[in-house]
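Student: What follows is a structure written as structure tokens; I'll ask about it next.
FYI, it's all coordinate maths here, none of it is from the lab. What you see is a predicted model; the values in this text were computed from it and never measured. All Cβ positions, even for glycine, are placed from backbone atoms using ideal geometry, and neighbour counts span all protein chains on display.
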Amino acid sequence: MKYGYYPGCSLEKNAASYDMSAKAVARPLGIEFQELQDWNCCGASEYISINRVAAYSLVARNLSLAETQLEKGTDLVAPCSLCFLNLTKADQYMQEDAPLSAKVNTALNAGGMHYDPGSIHTRHLMHIITEDIGLDEVAARVIRPLTGLRVAAYYGCLIVRPGFQSKFDNFEYPTSLDRLMKVCGAQVVDFPLRAHCCGGHMTQISQPVALELIRRLLENAAEYKADVIVTLCPMCQLNLDVYQADVNKYFKTNYNIPVLYFTQLMGLAFGLSAQELGIGKEFIDPRPALAKIGVEVPPPEEPKPKKPSKEELPMPRMPEES
Amino acid sequence: MAIATTQARAPTFFDRVVAATPGDPHLEMCIQCGTCGGSCPSGPDMDHTPRALFAMINAGMIEKVLSSNTPWYCVACYYCMVRCPQQIHITDIMYTLKRMSIQEGLYQKGSAPEAPGFSQTFIDYVENYGRSFELGLATRYHLSYHPLDMMKMAPMGIGMLRKGRMDLTPKKIKGMDQLKSILAKAKELEAKL
């Protein structure tokens, strides 16, 4: 099956392992991605806070690219929940609000572009795997079941709420990721805060607010003795993984729960190697958890000391450790 | 001959909020039930719950509403919006209030005076490169607003670089001129609202 692919800024670098693992599991499932040429940022939750018409036009440029580049009827896939939200939201409000749509198209026209609202259906990567491919197809490719791995399935907000173009799962207590992890052989633990917020960009605006939201999620996963939290959004992964040390410092806790993308665990179940799935870029080391299912991850590479170059100015250096 | 029973009047604050929100936000439907505040993960840190803010919008309390930290502490999780029995587009209204508070300069009087700086720094990179740029965003925003905290954040930044999770230079899209023309036109149209 062929889809348009909108990776979004996070998947280029900070969530590169999500991009790698998404592509790695797509191949055996028969999913073909056509990446949009010259896509731009979706504006995250920032542009809309400053300027409405510009925020919608920024997203609409991507929708217009999709309309021109993709064969008619091809769905666009966004693996990031916030990109998914922005693309569907812009399309939905352009359909509902004719004056807004006219303004956005006037702006697009200044760049020689146009978008007909309703022509591109954007879906999250999780949607196409569970709805188009189906759990039976996933199960058929499992050769190394994740037996004994206790997984907390974390959905976050925007894949289930508010459902601008189509509703997916339950917006308070979704279960699709639980089922997907079960067919991969994992022992899915209960995780009542599964669809609660990770704090989003609040880590930058008010750390105490964000750290409390992250703490609740970590506490909940620890209560149910999860070995790993599995996520489907780069923002959720970043907040739970990278800020876990800050939570521990702020609340004097000692959580140590690795956070992986659902595509990484799927890939392991499909027999792919940890390297192919980008495992090793996490702040919280997932190796002890993955050892439970017999997956060995090579130790993280230490950056090699730079050799002095002749073009470079002489700089003081620390003596090399023996 | 029919006599006109309504007179044209200047738009109220309430009308302006509704007009600046995409689609129909159903703001007039609020029954003051408080489901929104009860569902809000950052509610305890807000100056006013969404419910209270909506009553204040109705009462025309422009300055108090636009200097409240509530829209800036909204994490946009959409819990309130899906639970609202009146289908009010609460999250979208919060974005409208952020924009209005910047336009009127009132956020500075409130308890979250630095919050718009993050959004502004973020979009500066998008407007110049077409993509976001985390290293630039983090250093420029925190240097401008929390310079004393920079040292505390350094280990995380170094960790992100070492794990290969952050670029040292921003990426630029090819159609930058096109995007700039689109955004310039969009801003001109926004000003006419």
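Student: Name the long-range amide H neighbours of A:Gln34: under 5 Å, sequence gap of 5 or more, or other chain; modelled H, no Pro or chain starts.
Tutor: Residues meeting the amide H criterion: A:Tyr3, A:Gly4, A:Tyr5.
Student: Related question: Determine ³J(HN,Hα), in whole Hz, for all residues of the range A:8-14 in sequence, where each value follows from phi through the Karplus function 6.51 cos²θ - 1.76 cosθ + 1.60 and θ = phi - 60°; x replaces Gly and Pro.
Tutor: With coefficients 6.51, -1.76 and 1.60, one gets x, 4, 4, 6, 6, 9, 4 Hz.
Student: Still on this structure, please answer the following. About the Cα centre of the protein assembly as shown, what is the dipole size in debye to 20, counting +1 per Lys and Arg Cβ and -1 per Asp and Glu Cβ, all else neutral?
Tutor: Magnitude of the dipole: close to 500 debye.
Student: Treating the angle as unsigned and between 0 and 90°, give the value, to the nearest 10°, between the Cα long axis of helix A:81-96 and the longest Cα principal axis of chain A.
Tutor: Orientation of helix A:81-96: about 10 degrees from the principal axis.
Student: Let me ask something else. How big, on average over all directions, is the shadow cast by the Cα convex hull of the range B:62-193, in nm²?
Tutor: Dividing the Cα hull surface by four gives the mean projection, 10.9 nm².
Student: Taking a 23 Å limit on the Cα-Cα distance, which of the listed pairs A:Lys89/B:Lys187; A:Lys2/B:Lys185; A:Lys103/B:Lys180 fall beyond it?
Tutor: Correct reply: A:Lys2/B:Lys185.
Student: With Cβ to Cβ distances under 10 Å as the rule, what net charge do the other residues near A:Phe171 carry (K, R +1; D, E -1)?
Tutor: +1
Student: Listed highest first by mean packing, meaning other Cβ atoms within 10 Å per residue, what order do A:126-136, A:53-63 come in?
Tutor: Taking the mean over residues of other Cβ atoms within 10 Å, the ranking is A:53-63, A:126-136.
Student: ³J(HN,Hα) across the range B:37-44 via Karplus (A = 6.51, B = -1.76, C = 1.60, θ = phi - 60°), whole Hz, x for Gly/Pro?
Tutor: So the J values, rounded to whole Hz, are x, x, 8, 7, x, 10, x, x.
Student: Now a separate question. Add -39500 (n - 2.57) for each DSSP H run of 4 or more in the protein assembly as shown, then divide by its residues: what number comes out at 222 nm, to the nearest 500 deg cm²/dmol?
Tutor: Computed ellipticity for the protein assembly as shown at 222 nm equals -13000 deg cm²/dmol.
Student: Using alpha carbon centroids, what distance separates the range A:185-226 and the range B:6-77, in Å?
Tutor: After rounding, the separation between the Cα centres reads 28 Å.
Student: Each residue of the range B:51-67 in order: what ³J(HN,Hα) in whole Hz does its phi give by Karplus 6.51 cos²θ - 1.76 cosθ + 1.60, θ = phi - 60°, with x for Gly and Pro?
Tutor: 4, 4, 4, 5, 5, 5, 5, 4, 7, x, 7, 3, 5, 5, 5, 7, 9
Student: Amide H neighbours of A:His124 under 5 Å, counting only residues 5+ apart in sequence or on other chains, H built in-plane at 1.01 Å?
Tutor: HN-HN under 5 Å from A:His124: A:Ala78.
Student: Cysteines without a disulfide-compatible partner in chain B, using Cβ under 4.7 Å as the rule?
Tutor: If one checks each Cβ against the other cysteines of chain B, B:Cys30, B:Cys33, B:Cys40, B:Cys74, B:Cys84 turn up with nothing under 4.7 Å.
Student: Sort out for me the Cα centre separation of the range A:241-278 from the range A:7-80, rounded to whole Å.
Tutor: Centre-to-centre distance over Cα atoms comes out at 24 Å.
Student: For a quick check: with amide H placed at 1.01 Å from N, whose amide H comes under 5 Å from A:Val151's, ignoring anything fewer than 5 positions away on the same chain?
Tutor: Hits under the 5 Å cutoff: A:Gln187, A:Val188, A:Val189, A:Asp227.
Student: Can I ask one more? Could you check the spin-label model distance between A:Glu32 and B:Glu63? Points 7 Å from the Cα along Cα→Cβ, value in nm.
Tutor: 6.4 nm
Student: Under the Kirkwood approximation for Rh and a Cα-based Rg, what ratio Rg/Rh is obtained for the protein assembly as shown?
Tutor: 0.98
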